[in-house]
1. Within the bounds of the stretch 168-188, is there any residue that is among the hydroxyl-bearing types (Ser, Thr, Tyr), at pLDDT below 95, assigned by TED's automatic domain parsing to the domain that holds residue 139 and part of a loop (DSSP other than H, G, I, E, B)?
2. Condition (residue is touching a residue at least 12 places away in the same chain (Cβ under 8 Å) and part of a helix (DSSP H, G or I)) applied to the stretch 133-151: is it met by at least one residue?
3. Can you tell me which residue in the stretch 130-158 is surrounded by the fewest Cβ atoms within 10 Å (Cβ to Cβ), limited to those that are of a type outside the set (Lys, Arg), within 19 Å of the chain's Cα centre (by Cα) and under 21 Å from residue 212 (Cβ atoms)?
4. Within the stretch 5-28, is there a residue that is at pLDDT 80 or above and surrounded by 14 or more Cβ atoms within 10 Å (Cβ to Cβ)?
5. Mind listing whichever residues of the stretch 171-197 are of a type in the set (Gly, Ala, Ser) and either in contact with a Cys (Cβ under 8 Å, 6 or more places away or on another chain) or farther than 21 Å from residue 130 by Cα (or both)?
6. Counting just the residues of the stretch 116-127 that are in contact with a Leu (Cβ under 9 Å, 6 or more places away or on another chain) and exposed (fewer than 14 other Cβ atoms within 10 Å of the Cβ), which one comes out farthest from residue 188 (Cα to Cα)?
7. Would you mind stating whether residue 57 is at pLDDT 80 or above, part of a strand (DSSP E or B) and surrounded by fewer than 14 Cβ atoms within 10 Å (Cβ to Cβ)?
Amino acid sequence: MEKVLRLDLHNDEVLVLDNSGKSYLVRLSGRQGNVLFGEVEQVQETDERAAFQLELGFSLTKREKVELILQKGTELGVSAFRPFVSDRSLDRNLKLDDAKRERWSAIIREAAEQSHRTRLPAIFSPQIFKDVLVGFPQESTRLIAWEGTAPELQLNPAWFSTSEGCNSGGASLVIGPEGGFSAEEVSLAESAGFRQFSLGRNVLRMETACLAACALCAHYLETGC
């Protein structure tokens, strides 16, 4: 790291994160082996962007699409990723081996550094669709995007606020596979408290739908607080 950044290991300042939401301004004082030493000069309080919770459930699909969703979703403020397998999912492998988990975690970590996030999103093991629905926070605003929903029924800012203003429960969002959700799956989601919404008249690729919906939800959560 010090070679890439051309750090002076006895004088330069670096920003250190501990995944608590806080950040620490540290002045380097040297190294011993592979360990860098320094003194904390300033503690910066929790980043306000870490206050809202936005969980994304998405269908397993091709590797490059999953990695794009993890990378850009992290940049957009997703706090947890919940991959699932539904009736029309392209990838139906529920096993998350160590190599894949490590790669996904690295993608999330690098995206968090890129976007200056002070807390890493969680990544859950894949589940079947009916099981993933019950894992989302009960107090969150639950939303399911479906191309069968009337185009006029789009995300409403009022869904993201309470009588006190801020929606402390955050939002839970599920996006279906390339072939979309079946009507039975949408009904199952609604019975679990999810509300249908449309992303407009254009039919989006599933990875595009994930990112468009995340951007809208993050905006409404931020402005609602």
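1. Of the stretch 168-188, the ones among the hydroxyl-bearing types (Ser, Thr, Tyr) are 168, 172, 182, 187.
Now restrict to residues that are at pLDDT below 95: 168.
Narrowing the set further to residues that are assigned by TED's automatic domain parsing to the domain that holds residue 139 leaves 168.
From what's left, part of a loop (DSSP other than H, G, I, E, B): 168.
Yes, because at least one residue in the stretch 168-188 is among the hydroxyl-bearing types (Ser, Thr, Tyr), at pLDDT below 95, assigned by TED's automatic domain parsing to the domain that holds residue 139 and part of a loop (DSSP other than H, G, I, E, B).
2. Checking the stretch 133-151: at least one residue is touching a residue at least 12 places away in the same chain (Cβ under 8 Å) and part of a helix (DSSP H, G or I).
3. 140
4. First, the residues of the stretch 5-28 that are at pLDDT 80 or above: 28.
Then drop every residue that is not surrounded by 14 or more Cβ atoms within 10 Å (Cβ to Cβ), which leaves 28.
Yes, the conditions are met somewhere in the stretch 5-28.
5. Applying the first criterion (of a type in the set (Gly, Ala, Ser)) to the stretch 171-197 yields 171-172, 176, 179-180, 182-183, 187, 189, 191-193.
Residue satisfying the conditions is 171 alone.
6. Out of the qualifying residues, it is 116.
7. On the way: at pLDDT 80 or above: yes; part of a strand (DSSP E or B): yes; surrounded by fewer than 14 Cβ atoms within 10 Å (Cβ to Cβ): no.
No, not satisfied.
The values are calculated or read from the model by the stated rules, or taken from the named source; none is laboratory data. Remember, predicted model here, so these are calculated numbers, not experimental data. Neighbour counts run over all protein chains shown; Cβ positions are idealised from the backbone, glycine included.
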